[in-house]
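For reference, the structure is listed below as structure tokens.
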Amino acid sequence: MPILLPSFGYKISLLIIGFCLVFSAYSQENRNLLTNSLSRKQIADNLTSAKQWVNYPSYEDRDAWNQLPEEVRKAIIKEGEAYLNYDWPIIKASMYLEFTRTGDRSKDATVNSARKKALQALMMAELVEGKGRFLDDLVNGVFAFCEQTYWGASAHFYLYGFDGSIASPTTVLPDIEDPIIDLMVGDIASDLAWTLYYFKDAFDVISPVISRRLSSELKKKVLQPFYERNDFWWITGWGEGRVNNWTPWCNFNVLTVLLLVEEDPIKKQDAVYKSMQSVDLFINSYPDDGSCSEGPAYWAHAGGKMFDYLELLDKALKGGIAPIFSHPLIGNMGKYIYRSHINDGSYYINFADAPLKIKHDPGRILRYGKKINDPIMEKFAAFLANNRSENELVSSGTIGGRLGNLFMLASLEDLNAQAPLIKDFYFPDWDVVIAREESNTKGFYFTAKGGNNNEQHNHNDVGSFMLYYDGKPVLIDVGVGTYTRQTFSPERYSIWTMQSNYHNLPLINGVAQKAGENFKATGSSYRLKNNEVHFQTAISAAYPKEAAVKSWERSFTFRRENGLIIKDHFELDKNDNTTTFHFMSALPVALKSSGLLEIRGETFSVFTRFDHRKLDATVETITMEDPKLISNHGEELYRIVFKWKEDKLKGDIEFSISAK
């Protein structure tokens, strides 16, 4: 039966009454750091009545813009010049329909992205140059967006309602009478709100209609739905109050538009408090160790966007929530990103929906580090910045993000750059261990997880691990391919990258792990002894009953100078001779002799020793077709398959991995 998500016409004050009940009912811990720190009255007392919170120079302050580094100014202007006389593309109805017809969500997204990139380039170029040369094209862009029914993605039409799963929305085209707010609506609205803020006077010289129209569209598409509705799951939680990166991401964008566009002080105060309650739900959902189960790529949109929201809210409230940055959880949510860093500013422990290589925003990480008073995080930001040109730092991201980085270049340059190469750490709530051979990138780096198969952006990977050598991936988590309708549907686990048999895990009696909170690791333990890291977890509960597994203990011993030992001790209810162990690699693999495998990197070899009396080894080649996976791994991957050949119900298997 279709699930309909109607638009409600309540006032904001009425929303808040029922709103709190959802928050207290479905949270890991009702910390409520925001709403416990400020009452609705204190918000009214502290909230800036105008836009004094904006700490960037005005459009008219030419001295400030002219003082930016000349090469940066030239690069920004050059990018804008590419869009002079730009022919703004339109999103055809058939592009939206592709999602429900074929599962392809890229058609409308590609056009939306191109329009957004053009707007950002033209706006930044005009801010930097200040001669009015880009204004006409900017006005064209403003009107193009104002004429667009919906600024979001076809993949998110389920916000109108859906039949069975979110991959089957009941509305397949944008409905102008029922505006919905998704991630992309928010991003574009935020950019347009900054455009209105900076160029209202210049637009009014051309025609007051421009600013009036833009303000009207921002209110109709974003502010009014946020005021009146309480059924968007990212506001109050999905199902049993479950939230993810959408909550801070959408609330940050709404808050930006609210603070830049809304003139009514009562509406503004009520909406700020409503957003605080929503973000409290997100913060409440996080474990004490600050880990992002969505993976390090999503940290930018989860913990990172939460920081963006808190930073903006703190500005608007004149420092009213400053104490929140000293809370241990907020600190750990920031530290997660450098604790999960492996090497080069681009390799992270990519469990869940994360690619092999990730780029993070140095400006956000620097500001976060300063707020929580963490010099390691600040130096990490400088390290990331050193790996990129100044032009790159200010030529991507939203307008708000670009402005933040543009006026932080000097701060990044003044810091001592240092990669945070954490030697060992355990996330007790996430159930993930990390360890490296040296306090540098030399030698082995190891990470493994217990956890469960109901994590955010989950892959069935309980008990899996990764291994790097000299900072390069050896045994890998393949990561995630290009998103399609299938990715967030009941068919998710038919995608091979999501399955346990394409992670570094056993296939028990030919049966893979299943998804769900009951499919989990149990009894995990971590200890550091004599400079060795020991991690053990029971993974039998991650498999369905068809696997006929009575018990399965998997242990890892990371020896600083002698590599990694993996032991699997298990007992089965039956043995049908289809139990295999899988290792994934993007590097060439060769069977050197019975019981010895070699994985060859450009400058190293890593050897895996195993008992050939118990196991037969073969290597499968997987030809890549997904462009996202190809960009990370190349055109081929290798799955090493060890077939258990003993005719027993109990087994003890050991893999010894070293560089010797």
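The values are calculated or read from the model by the stated rules, or taken from the named source; none is laboratory data. Being a predicted model, the structure only gives us computed values, none of them experimental. A quick note on method: Cβ atoms are made from the backbone with ideal geometry, for glycine too, and the neighbour counts reach across all protein chains shown. Only protein heavy atoms, including side chains, enter the accessible area calculation; ligands, DNA and RNA are left aside. Shrake-Rupley method; radii C 1.70, N 1.55, O 1.52, S 1.80 Å.
Tabulated values for the structure
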item	result
Distance in nm between pseudo-label sites at Lys442 and Asp414 (7 Å out along the Cβ direction from Cα)	3.5 nm
Mean residue ellipticity (222 nm) of the chain, computed from DSSP H runs ≥ 4 via -39,500 (n - 2.57), nearest 500	-11000 deg cm²/dmol
Segment Asp264-Val205, extension gain: residue separation times 0.36 nm, minus the distance between their alpha carbons	18.8 nm
Partners for Lys567 among lysines (Cα-Cα distance below 21 Å; same-chain residues under 8 apart left out)	Lys449, Lys520, Lys529, Lys550, Lys614, Lys643, Lys645, Lys648, Lys650, Lys660
Within the stretch 446-478: backbone nitrogen closer than 18 Å to the Glu602 label point (7 Å, Cα to C-beta)	468-475
Carbon + sulfur, % of accessible area of the chain - ligands and nucleic acids excluded, 1.4 Å	49 percent
Distance (nanometres) between label positions extended 7 Å along Cα→Cβ at Asp424 and Arg242	3.4 nm
Principal axes of the stretch 458-583: Cα extent on each, largest first, Å	47, 38, 26
Distance-filtered residues of the stretch 628-660 - backbone nitrogen under 15 Å, label point 7 angstrom along Lys592 Cα→Cβ	656-660
Dipole magnitude of the chain, debye to nearest 20 (Cβ charges: Lys/Arg +1, Asp/Glu -1, about Cα centre)	840 debye
Cα-based convex hull, the chain, per residue volume (Å³, whole number)	157 Å³
Length gained when the stretch Thr110-Gln67 is fully extended (0.36 nm per residue, less Cα-Cα span)	12.0 nm
Gained length - Glu646 relative to Lys117, 0.36 nm times residue gap less alpha-carbon distance	184.5 nm
Amide proton proximity set for Leu649, modelled H, under 5 Å, gap of 5+	none
Among the listed pairs Lys131/Lys315; Lys92/Lys117; Lys220/Lys628, those beyond 24 Å (Cα-Cα)	Lys131/Lys315; Lys220/Lys628
Separation in nanometres of the label points that stand 7 Å from Cα toward Cβ, at Lys220 and Ser489	3.3 nm
Partner aspartates and glutamates for Lys335 [C-alpha distance under 18 Å; skip if fewer than 8 residues away on the same chain]	Asp288, Asp289, Glu294, Asp308, Glu311, Asp344, Asp361, Asp374, Glu378, Asp424, Asp429, Asp431
Per residue accessible area of the chain, 1.4 Å probe, in Å²	39 Å²
Relative contact order %, the stretch 319-390, counting alpha carbon pairs below 8 Å whose residues are six or more apart	26 percent
Average Cα contact separation per residue, the chain, under 8 Å, 6 or more apart, as relative contact order %	11 percent
